[in-house]
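*Asks:* Here it is, the structure, as structure tokens.
The values are calculated or read from the model by the stated rules, or taken from the named source; none is laboratory data. Just so it is clear, the structure is predicted and the values come from calculations on it, not from any experiment. Every residue, glycine among them, receives a Cβ derived from its backbone with ideal geometry; neighbour counts consider all protein chains shown. Note: areas computed on protein heavy atoms with side chains; ligands, DNA, RNA excluded. Shrake-Rupley method; radii C 1.70, N 1.55, O 1.52, S 1.80 Å.
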2 protein chains.
Amino acid sequence: MALTFASFQQLIRDRYYATDSARGTAGTFMWLMEEVGELSTALMDNNPPPGKPAPTAAQRANLEEEFADVIAWLATLANINGVDLERALSKYTTAGKVEGVKD
Amino acid sequence: MALTFASFQQLIRDRYYATDSARGTAGTFMWLMEEVGELSTALMDNNPPPGKPAPTAAQRANLEEEFADVIAWLATLANINGVDLERALSKYTTAGKVEGVKD
């Protein structure tokens, strides 16, 4: 079955809410930033400059993992701030609400 | 109908792939960072220190928007790097694969 934002956010809530809520928003944001840094590294590894070797299978797999970790930390931050991600994304999914730009 | 990662990633692909692909990974990562900065501001606005006024309805709405924008830019980065977010998230959604920590 296709993974929904609501079910993923609930899974993250079930598994991590108590710990993340106790840590609070600022500390949780720092964890998010660590994963964003790892995503940056993985993106560079997977976009080598001309003449450098193509990314390895391990580097491809790591790139997927870093996207997952960033989304997991975003889901946690949303949970401890009472934000429903599906509802938030209605900005994009409601026809005509966003044109041309993502801001 | 509940919003799936696959349908959201496709929506972002349909709307932005040509522009984002032409801009490339590094430039698109900078856009993501801008939105992460706006999310940080919105999280602070919605977690005022003791004695400061509670967040306004506009600040609440803006927090939702910033989560949406960060996820939209992540979806774009995933698209131009050939990453399927639902597959990436199987790290979390496959029972037993992640215990205790999000890294």
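*Asks:* Give me the distance in nm between label points sitting 7 Å out from Cα along the Cα-to-Cβ direction at residue A:93 and residue B:40, one decimal.
*Replies:* A separation of 3.0 nm, rounded to one decimal place.
*Asks:* I've got another one for you. Please report the relative contact order for the stretch B:24-92, taking Cα pairs under 8 Å with a sequence separation of at least 6, and give it as a percent rounded to a whole number.
*Replies:* 40
*Asks:* Helix-only mean residue ellipticity at 222 nm, chain B, DSSP H runs n ≥ 4 weighted -39,500 (n - 2.57), per residue, nearest 500. What is it?
*Replies:* -22500 deg cm²/dmol
*Asks:* Would you please give the FRET efficiency between residue B:14 and residue A:10, computed as 1/(1 + (r/R0)^6) with r the Cβ-Cβ distance and R0 = 22 Å, to the nearest 0.05?
*Replies:* 0.20
*Asks:* Another question, then. Taking a label point 7 Å from Cα toward Cβ, how far is residue A:27 from its twins in the other copies, in nm, shortest first?
*Replies:* 4.1
*Asks:* Next up: I need the phi-derived Karplus couplings for the stretch A:75-80: 6.51 cos²θ - 1.76 cosθ + 1.60, θ = phi - 60°, integer Hz, Gly and Pro marked x.
*Replies:* Calculated HN-Hα couplings, in order: 5, 5, 4, 5, 4, 7 Hz.
*Asks:* Mean projection of the alpha-carbon convex hull of the protein assembly as shown over all orientations, in nm²?
*Replies:* Projected area, direction-averaged: 12.0 nm².
*Asks:* Grab the beta carbon distance between residue A:1 and residue A:47, set R0 = 25 Å, and tell me the FRET efficiency rounded to 0.05.
*Replies:* The formula returns an efficiency of 0.15 here.
*Asks:* Could you tell me what fraction of 2.2 N^0.38 Å the Cα radius of gyration of chain A comes to, as a two-decimal ratio?
*Replies:* In units of the globular-protein estimate, chain A measures up at 1.28.
*Asks:* Just to be sure I understand: if you take the accessible area of chain A alone plus chain B alone and subtract the pair, with a 1.4 Å probe, what total do you get in Å², rounded to 100?
*Replies:* Heavy-atom accessible area buried at this interface is about 4900 Å².
*Asks:* Follow-up. Rounded to the nearest 20 Debye, what is the dipole magnitude of the stretch B:24-102 about its Cα centre when Lys and Arg each give +1 and Asp and Glu each give -1 at the C-beta? Display every interim value, and only then the final one.
*Replies:* Numbers: 6 positive and 11 negative charges, 71 e Å.
Approximately 340 debye in magnitude.
*Asks:* State the residue of chain A whose Cβ is nearest the axis carrying A onto B, and the distance in whole angstrom.
*Replies:* Of all Cβ atoms in A, the one closest to the rotation axis yields A:4, 3.
*Asks:* Follow-up. Report the GluC sites (Glu not before Pro) located in chain B that are in a DSSP loop and have at most 16 other Cβ atoms inside 10 Å of their Cβ, or state none. Walk me through the intermediate numbers first.
*Replies:* Values: sites: B:34, B:35, B:38, B:64, B:65, B:66, B:86, B:99; in loops: B:99.
Listed in order of number, the matching sites are B:99.
*Asks:* Accessible area per residue, 1.4 Å probe, Å², for chain B: what's the number?
*Replies:* 49
*Asks:* Round to the nearest 0.05 the FRET efficiency obtained for residue B:54 and residue A:30 when R0 = 30 Å and r is the Cβ-Cβ distance.
*Replies:* Plugging the Cβ-Cβ distance into 1/(1 + (r/R0)^6) gives 0.80.
*Asks:* Between copies, how far apart are the residue B:59 label points? List them in nm, one decimal, shortest first, with each point 7 Å from Cα toward Cβ, please?
*Replies:* 4.4
*Asks:* Here is a further query. From the label point of residue A:11, set 7 Å from Cα along Cα→Cβ, how far away are the matching label points in the other copies, in nm, ordered shortest to longest?
*Replies:* From this label point to the equivalent ones elsewhere in the assembly: 2.0 nm.
*Asks:* Under a GNM of chain A (C-alpha, springs under 10 Å), which listed residue has the highest mean-square fluctuation: A:19, A:56, A:76?
*Replies:* Looking only at A:19, A:56, A:76, the biggest GNM fluctuation is shown by A:56.
*Asks:* Place a point 7 Å from Cα of residue A:84 in the direction of its Cβ. Which residues in the stretch B:43-67 have their backbone N less than 17 Å from it?
*Replies:* B:60-67
*Asks:* Please identify, among B:75, B:42, B:26, the residue showing maximal mean-square fluctuation in a Gaussian network model of chain B using a 10 angstrom Cα cutoff.
*Replies:* Ranking B:75, B:42, B:26 by mean-square fluctuation puts B:26 first.
*Asks:* Quick check: at a probe of 1.4 Å, how many percent of the accessible area of chain B sits on carbon and sulfur atoms? Numbers along the way, then the final one.
*Replies:* On the way: 2890 of 5000 Å².
Within chain B, the accessible surface is 58 percent carbon and sulfur.
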